[in-house]
Every structure is written in C-alpha cells, then in structure tokens.
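Trainee: The following block contains the structure, expressed as structure tokens.
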Amino acid sequence: MTRIVVVTSGKGGVGKTTSSASFASGLALRGFKTAVIDFDVGLRNLDLIMGCERRVVYDLVNVIQGEANLHQALIKDKHCENLFVLPASQTRDKDALTEEGVEKVLNDLKQMGFDYVVCDSPAGIERGAVMALTFADEALIVTNPEVSSIRDSDRILGILQSKSRRAKEGQEAVKEHLVITRYSAKRVDEGEMLSYKDVQELLRVPLLGVIPESETVLQASNAGSPVIHNKESDAAEAYEDLVARFLGETREMRFVSYEKPGILKRIFGGA
C-alpha cells in the first residue's frame, strides 16, 4: 500500500528540501519505488538538488490542469533505479494547486505502484504547504535546534493535527517524526545550541534522526546530488540511519555527542 509522507517545517532554510531529496533517495536505495514531489510552486528547488533541472519539461501544475500526464512529467532519477521526481512550476501561482487535483495525482501514483510518495512542502502555512500535508499518512517535521525554528514547527504540528484529511475525517492521526538538522554537538557542549533532547522535549514528537552540520550538504546540493550519496560524510550516514529507523530498524543515534580533544591533541594542532 502506498504511503504518503510529507516533509515539512514552519520555517524556511532549515534543510527541508535537502532532507526530502536524501530521504526519498534512501527509500529508493532500499528497493522501494518512490516518487518525490516539489510543492513549492513558483520557487522550485528540488530539481536542482536532484540534478534534473535541465530535464524538466512538464511539472505538477501541468499534470493537475490536464496539460500533461504523469508519465510525461515524472523524471527518472540519475542515481536510483526506483526514484522519480515530479517538479514544481516556476511560472504559476500557488492557487493553481487544488485539493481535487493533488488528490488525483496522488491516486494516480498509487495506481502506478509506488510504495512511497514524498511531498516536499514549502515553508510556512500558505496554500502550497497545506496542500502538501493534506493527504499525508506520515510527516517528517524538520527543525533546527533554535527557538524560532522550534516554535514554527510547533505551529505546523497544530495544522497537521487539524487540517489533514485524516484529522478532518476522524481517522488515525498522521504519524509524526522529528528530524533535527544542522546540529553541532560541539556547540551544544559549549552551551551555544539547544540539545536534541531539549528540542524533543519542546515538540514532544518521536525523534527520527539528527543530521550534523556539514559542509558536504551544501557541496552536494550545488553538485545536484543528494548528500546521502556522499558515502564518506557524516550527513550521509545520518540520513541512512534516519531511513533505517523510518523502516522500523533500530539504529544508535550518532553525531549527538562531543568528545573534547585531549591536551596533546590541543597542543599539537587538534581542534
């Protein structure tokens, strides 16, 4: 049965699209047929991170308005056999997204045999974000360990619990997962950043993964390749762990503690 997973947050710039790309790629690498949809109409970025911007001919709005079908609009990923990208429109208004149109696209993807459909939500609480979460079965709440990001994520949780189709129809609630990005264990140790335990305590959502602050995330985005493919980076390992936990596996939470360098390391050039 197809599972609809929305990747969302209240605040922009927290790593939501980066997380959507690596999460969807991770599912595909595990053998699941996966589609990832960009709901950020007018400001699409997912195609850049996925490295398929030159292959965009039709987009989500074209499909909703009957100007193209899904077979024409879906772009096969370069790296993963089982992954397909449905980009957003850069030229249309967010009002082009209708609940009926989005529902039809998702139903058609189900008919095509997709195991997972990952909805990359725009930031905030406007129409595109609400459309992305309306039909969700599960949600990844992406937040940074800072007060403003946490507060905005809390607001998104309220919208999920009131405006999703599951909430409106009194069904089982959307299953929520917390993803903390741009985490620095060193800064936490020095009292400059909230700990992952603080964030979880404030939001009261089960923790799915902690993604460490890493230059490789930006490098991967600029190269048009989700960071999960950069096997030598901590961020890639953290996303692999996240996907494993999502699929029910038990993985130790890594990259959350800081080991201070010993005196010899400090004297001879350590951090």
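Trainee: Quick one: is Val179 at pLDDT 95 or above, under 28 Å from Ser257 (Cβ atoms) and open to solvent by less than 40 Å² (accessible area, probe 1.4 Å)?
Mentor: Yes.
Trainee: Sticking with this structure for a sec: Out of Leu218, Leu208, Leu194, report the one residue that is under 16 Å from the mean Cα position of the chain (by Cα) and either farther than 20 Å from Ala238 by Cα or in contact (Cβ under 8 Å) with a residue 12 or more places away in the chain (or both).
Mentor: Checking each option against the conditions leaves just Leu208.
Trainee: Just to verify a result, which residue in segment 70-79, among those that are modelled with pLDDT of 95 or more and not in a helix (DSSP H, G or I), is farthest from Lys104 (Cα to Cα)?
Mentor: Of everything passing the filter in segment 70-79, Asp77 is farthest from Lys104 (Cα to Cα).
Trainee: Restricting attention to segment 123-157, which residues are among the small types (Gly, Ala, Ser) and closer than 21 Å to Gly13 by Cβ?
Mentor: Ala123, Gly124, Gly128, Ala129, Ala132, Ala139, Ser148, Ser149, Ser153
Listed here are the residues, each with its yes/no results for (1) open to solvent by 10 Å² or more (accessible area, probe 1.4 Å); (2) of a type in the set (S, T, N, Q).
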{"site": "Val56", "(1), (2)": "yes, no"}
{"site": "Leu60", "(1), (2)": "no, no"}
{"site": "Gln65", "(1), (2)": "yes, yes"}
{"site": "Lys104", "(1), (2)": "yes, no"}
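Trainee: Out of (1) surrounded by 15 or more Cβ atoms within 10 Å (Cβ to Cβ); (2) free of Cβ contacts under 8 Å to residues at least 40 places away in the same chain, the odd one out for Glu126 is which?
Mentor: Of the numbered conditions (1) surrounded by 15 or more Cβ atoms within 10 Å (Cβ to Cβ); (2) free of Cβ contacts under 8 Å to residues at least 40 places away in the same chain, the odd one out for Glu126 is (1).
Trainee: Considering only residues that are open to solvent by 60 Å² or more (accessible area, probe 1.4 Å) and charged (D, E, K, R), which ones fall in segment 70-98?
Mentor: Lys76, Lys78, Glu81, Arg92, Asp93, Asp95
Trainee: Applying the selection to segment 156-176, what residues are surrounded by fewer than 19 Cβ atoms within 10 Å (Cβ to Cβ) and assigned to a loop (DSSP other than H, G, I, E, B)?
Mentor: Glu169, Gly170, Gln171, Glu172, Ala173 - these are the residues of segment 156-176 that are surrounded by fewer than 19 Cβ atoms within 10 Å (Cβ to Cβ) and assigned to a loop (DSSP other than H, G, I, E, B).
Residues checked against (1) modelled with pLDDT of 95 or more; (2) not aliphatic (A, V, I, L, M):
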{"position": "Val61", "(1), (2)": "no, no"}
{"position": "Ser89", "(1), (2)": "no, yes"}
{"position": "Lys104", "(1), (2)": "yes, yes"}
{"position": "Val117", "(1), (2)": "yes, no"}
{"position": "Glu138", "(1), (2)": "yes, yes"}
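Trainee: Another one. Sort out which residues of segment 174-193 are farther than 16 Å from Thr8 by Cα and out of contact with any Phe, Trp or Tyr (no Cβ under 9 Å at 6 or more places or on another chain), and write them in order of number.
Mentor: Gly191, Glu192
Trainee: Could you tell me whether segment 121-139 includes any residue that is touching an Asp or Glu at 6+ places or on another chain (Cβ under 8 Å), within 29 Å of Ala173 (Cβ to Cβ), among the β-branched types (Val, Ile, Thr) and not in a loop (DSSP other than H, G, I, E, B)?
Mentor: Looking through segment 121-139, at least one residue is touching an Asp or Glu at 6+ places or on another chain (Cβ under 8 Å), within 29 Å of Ala173 (Cβ to Cβ), among the β-branched types (Val, Ile, Thr) and not in a loop (DSSP other than H, G, I, E, B).
Trainee: Can you tell which of Ser153, Ser148 is more than 23 Å from Gly66 (Cβ to Cβ), of a type outside the set (A, V, I, L, M, F, W, C), open to solvent by less than 10 Å² (accessible area, probe 1.4 Å) and part of a helix (DSSP H, G or I)?
Mentor: Ser153
The values are calculated or read from the model by the stated rules, or taken from the named source; none is laboratory data. Since the structure is predicted, the reported quantities are computational estimates derived from the model, not experimental observations. Cβ sites come from the backbone with ideal geometry, for glycine too, and all protein chains shown count toward neighbours. Only protein heavy atoms, including side chains, enter the accessible area calculation; ligands, DNA and RNA are left aside. Shrake-Rupley method; radii C 1.70, N 1.55, O 1.52, S 1.80 Å.
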